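Here's the structure, in structure tokens; my notes come after.
The values are calculated or read from the model by the stated rules, or taken from the named source; none is laboratory data. Model, not experiment: these values are computed from the prediction. As a convention, Cβ positions derive from the backbone with ideal geometry for all residues, glycine included, and neighbour counts pool all protein chains shown.
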Amino acid sequence: MRILVCNDDGIYSPGIAALADVAAAFGTVQVVAPNAEQSAMGQAITASRPLSYRPTPAVGPSAYRVNGTPADCVTLGAHNWGKVDIVLSGCNLGFNVGNAVWHSGTLAAAKQAALLGIRGIAFSAPASVEKYDALKPWMHRVLETLLPQQGLKLVNVNLPEEPRGMIWTRISVRQYEGLIVPTKDPKGRELYWFSATPLEAAPEGTERWAVEQHRISMSPLCLDLTGHRQLGALRADHPLDEELARTVSPPKSSPEAAKKVAQEEASAAAGPQHP
Ligand code: MN
């Protein structure tokens, strides 16, 4: 099995060294990671400048650093290695639960893999972890559990310090207070610190609840953000022109129509389209 290991804390992070070490028991590992920290960059891709891809023997014989985002690393790594069976991201220095699912670069690397049709698993642990030796057997057990589950395309894993078992969880979607703390620069000009605090306690069965209980949390995710329940209700209660669209439009768009929309997409995103 060819395992691409990425992260958002940068290629020299102790977390990626631990994950790459554990992954080596399951296949051939290649590390492709940002040359500097990219936490909270989400799934940004670098579309306005070229990227470098440099061998980094200090990390390992098969390690490369990229001057880009975690999503860049996965895309470039998969392209340059040819065939990748799975992308493992992390282990992040800090949990990725709740609203972090939207901002996390760690999870974004796994999501980028899923977009490319490759399985992706993101690993996060508390930032206070100094030595990963105690967590490594648990990371091994996570991979033993997840790797045979071929149907699991995208999983977010959070490991507490001193775990007491592992459970399947859902994402804690809750209201956050978008706390902004004003400060000043040396010249007296205004600056702002961003932070966010959850407003309610974590419900049972969520990832935050799991790590609060010292359980390893494993959340299966999907890329489809559609609100399927609402969509069903809307189509039933507030039908629009679906009937007309079904009657007059072919179920599959013509190549010309598909090409036109793809061109309009490309001019907006200006990004290289991965096949
Ligand atoms: Mn990070």
Residue under evaluation residue 34, criteria (1) surrounded by fewer than 23 Cβ atoms within 10 Å (Cβ to Cβ); (2) under 30 Å from residue 206 (Cβ atoms), criterion not met
(1)
For region 181-192, does any single residue satisfy the condition of being in the same structural domain as residue 26 (by TED's automatic domain parsing) and either of a type in the set (S, T, N, Q) or touching a Cys at 6+ places or on another chain (Cβ under 8 Å) (or both)?
no
Residue 55 passes all but one of (1) surrounded by fewer than 17 Cβ atoms within 10 Å (Cβ to Cβ); (2) more than 14 Å from the ligand (Cβ to nearest atom); (3) within 12 Å of the chain's Cα centre (by Cα); which number fails?
(3)
Can you go through 71, 78, 63, 17 and tell me which one is surrounded by 16 or more Cβ atoms within 10 Å (Cβ to Cβ), away from the ligand (no atom under 16 Å from the Cβ), under 19 Å from the mean Cα position of the chain (by Cα) and in contact (Cβ under 8 Å) with a residue 40 or more places away in the chain?
78
Just to be sure, is residue 164 among the basic types (Lys, Arg), assigned by TED's automatic domain parsing to the domain that holds residue 106 and at pLDDT below 95?
no
Within region 201-208, does at least one residue satisfy the condition of being under 30 Å from residue 92 (Cβ atoms) and in a helix (DSSP H, G or I)?
yes
Yes or no: region 98-113 includes at least one residue that is under 12 Å from the mean Cα position of the chain (by Cα), more than 16 Å from the ligand (Cβ to nearest atom), in a helix (DSSP H, G or I) and on the phi < 0 side of the Ramachandran plot.
yes
Cβ pairs under 7 Å, 6+ apart or interchain, first in region 230-256 and surrounded by 10 or more Cβ atoms within 10 Å (Cβ to Cβ), second of a type in the set (Asp, Glu) and in a helix (DSSP H, G or I), ordered by first then second residue, are 235/242
Restricted to region 81-96 and to residues being within 13 Å of the ligand (Cβ to nearest atom) and hydrophobic (A, V, I, L, M, F, W, C), the residue farthest from residue 6 (Cα to Cα) is 95
Residue in region 178-190 that is farthest from residue 208 (Cα to Cα), counting only those that are assigned to a strand (DSSP E or B) and under 29 Å from the mean Cα position of the chain (by Cα):
181
Kindly check whether there is at least one residue in region 94-111 that is closer than 21 Å to residue 17 by Cα, surrounded by fewer than 17 Cβ atoms within 10 Å (Cβ to Cβ) and small (Gly, Ala, Ser).
no
Among the residues of region 191-249, which ones are modelled with pLDDT under 90 and closer than 30 Å to residue 119 by Cβ?
196, 198, 202, 203
Can you give me the ranges of the strands (runs of 3 or more DSSP E) entirely in region 114-177 with at least 2 residues that are within 20 Å of residue 86 (Cα to Cα), under 18 Å from the mean Cα position of the chain (by Cα) and within 16 Å of the ligand (Cβ to nearest atom)?
119-125, 154-158
Pair list, Cβ < 6 Å and 6+ apart or interchain, from region 143-163 residues that are closer than 16 Å to residue 15 by Cα to residues that are among the small types (Gly, Ala, Ser) and crowded, with 20+ Cβ neighbours inside 10 Å:
156/122; 156/219; 158/124; 158/217; 159/125
